[in-house]
Amino acid sequence: MTFTDWLLDIALISLVLLQLRDRVLSLHTLLLPAALVTWAGFRYLGAVPTAGNDLEFVGLAVAAGLALGTGAGVLTRVRRRHEDGRVVVRATYTAAALWVLGMAARLAFQLYVTHGGAPAVGRFSVEHHLDRASWTTAILLMAFAEVFSRTGVLWWRSLAVRRVPQGRIAAA
């Protein structure tokens, strides 16, 4: 892993710490994680391998990412502030745990592979008919699914909160 890889992984994990308190939902806060994984995609993602069980393996990783990201988005509090009507979000501890679980699991796997686990992963790949490239693809697309599903859920929920008339917010 390069220093840049470390920074990217730590930045994605650290983003959740900022979200444990109320933050105004802006285009910047909504799209920053998406921009980070998109950059990683351009840097690392190649063609999606289709031999053996590669598609099923990648699909399973994407499904896990969708579940983690959607769960984190649903479990994040989204409301409008009484004072100015701006949309505010705050991750619950469960939402934060789901986010960290996905991001930290990928980081832990990368560490495992680069520090002695590569032969075991290689044997697993041979036994399950997986191409070596399917691991990188699965990890990246899992991150994409997690980030973009969470972003989509938060955006959708913010639209619903914005539809509530300002007067009803003050009365609530």
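Since every read-out is calculated from the coordinates, none of them should be taken as a lab result. Predicted model, so just to flag it, every value in this text is computed and none were measured. Note that we place each Cβ from the backbone using ideal geometry, even for glycine, and neighbour counts take in every protein chain shown.
Rounded to two decimals, the Cα-based Rg/Rh of the chain, with Kirkwood Rh, is 1.06.
The angle between the Cα long axis of helix 27-44 and the main principal axis of the chain comes to about 10°, on a 0 to 90 degree scale. Taking the longest Cα principal axis of the chain as reference, the axis of helix 3-18 is set at about 30 degrees. Fully extending the segment from residue 38 to residue 164 would add 42.1 nm, taking 0.36 nm per residue of separation and subtracting the current Cα-Cα distance.
When the alpha carbon gyration tensor of region 71-143 is reduced to an equivalent ellipsoid, its three semi-axes come out at 39, 12, 9 angstrom, largest first. With contributions of -39500 (n - 2.57) from each DSSP H run of at least four residues, the per-residue ellipticity at 222 nm computed over the chain stands at -23500 deg cm²/dmol.
Taking the C-alpha atoms only, the angle from helix 54-74 to the longest principal axis of the chain is near 20 degrees. For a paramagnetic label modelled on residue 124 (point 7 Å from Cα along Cα→Cβ), amide N atoms under 16 Å away belong, within region 88-105, to 102-105.
Dipole magnitude for the chain: computed about the Cα centre from +1 point charges on Lys and Arg Cβ and -1 point charges on Asp and Glu Cβ, it is near 1020 debye. If contacts are Cα pairs under 8 angstrom and at least 6 residues apart, what is the relative contact order of region 11-166 in percent? 41 percent.
Please sort by residue number the trypsin sites (Lys or Arg not before Pro) in region 77-113 whose DSSP state is loop and whose Cβ has at most 16 other Cβ atoms within 10 Å. For trypsin sites (Lys or Arg not before Pro) across region 77-113 that sit outside H, G, I, E and B with at most 16 neighbouring Cβ atoms in 10 Å, the list reads 81, 86.
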